[in-house]
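Before any comments, here is the structure.
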Amino acid sequence: MTGKQKWSLKIEPCVSETGWSVYKIPLGGFAVNEELRPMLAEFYAALDARVKVRHPQLSVFLQYNQLNIENAGLILAERGRDWMPDVGIGYEPHKPPPTLWTKEEFLSLGVGEMPRPMMNQLFLVTTGDEPSLQAAQESAGLGPVLMMRGPTPIKEVMQQGKARFQPLIQDISLRNFGWYVPLLNLKSFGTANAAVFRPWTCGLTFYLRESPDDQGVLIACEEPLDGAFMAAGAKQEPQGRFSWSLPGE
């Protein structure tokens, strides 16, 4: 008989022109293998416990466009009373502003082809740090998780985001949301220098996203995370890489 397969997460450093340290856990897309979900859940909690000292304000969002993957939407529906989600927009600052669909876009769709996402709606968990971390852990590996930390409450980040991003949107129906926050991927960190990128963060200092564009988990911080990874139980490997396994494996 063959033994149970041992899984580990691989954490790889990525190119960044922004002054932030950026890493990726490659997963090949979402949802991940069922055996990896509890591992990701534990890793999110372990890493968060190490970064919260220097980045005290936690906010967890669930990405609407990822809620159609497996049971991600059902989890949110069942936990809605506990998490009391508030809806806003994730703005991708490295891309043109979001727009409504055009007639030409509909006419060019192939048979069975879905139109592009019109916008990136986010659901913010509003009931505190414990339910926020619970939301991240229960949704881990399905694709919707977005964790942010910084020195100031999320309301201040939202205010900065609304002031910065909302005026760039031309379609009035996409300007009527109460808040906007940055939605980043690896291209965000590879296409902007520090001076351009700093306003995009709206005061955030730590960022973890299950990123469909990057087919894995994006982790970024204004300072190196090598010490935090190792304190969370990761093993250092050559070329700035790390591996993380569940304790005892």
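The values are calculated or read from the model by the stated rules, or taken from the named source; none is laboratory data. This is a predicted model, so every value here is computed, not measured. Because the Cβ atoms are built from the backbone with ideal geometry, glycine has one as well, and the counts that use them run over all protein chains shown.
Observations, loosely collected:
- Test result for D171, acidic (D, E), free of Cβ contacts under 8 Å to residues at least 40 places away in the same chain and over 17 Å from Q57 (Cβ atoms): no
- The selection criterion, being within 15 Å of L218 (Cα to Cα) and hydrophobic (A, V, I, L, M, F, W, C), does not hold for V53.
- Matching residues, the range 43-61, being outside any loop (DSSP other than H, G, I, E, B) and more than 16 Å from the chain's Cα centre (by Cα): A46, A49, R50
- In the set (1) modelled with pLDDT under 95; (2) in a loop (DSSP other than H, G, I, E, B), G29 fails one condition alone, (1).
- Any hit, the range 133-142, residues being charged (D, E, K, R) and farther than 17 Å from L62 by Cα: no
- The condition of being at positive phi and surrounded by fewer than 21 Cβ atoms within 10 Å (Cβ to Cβ) holds for only one of G73, G19, that being G19.
- Every residue from the range 151-177 that is small (G, A, S) and modelled with pLDDT of 90 or more: G161, A163
- So Q239, is it part of a helix (DSSP H, G or I), on the phi > 0 side of the Ramachandran plot, touching a residue at least 24 places away in the same chain (Cβ under 8 Å) and not basic (K, R): yes
- Residues of the range 62-96 classified as under 13 Å from the mean Cα position of the chain (by Cα) and assigned to a helix (DSSP H, G or I), total: 3
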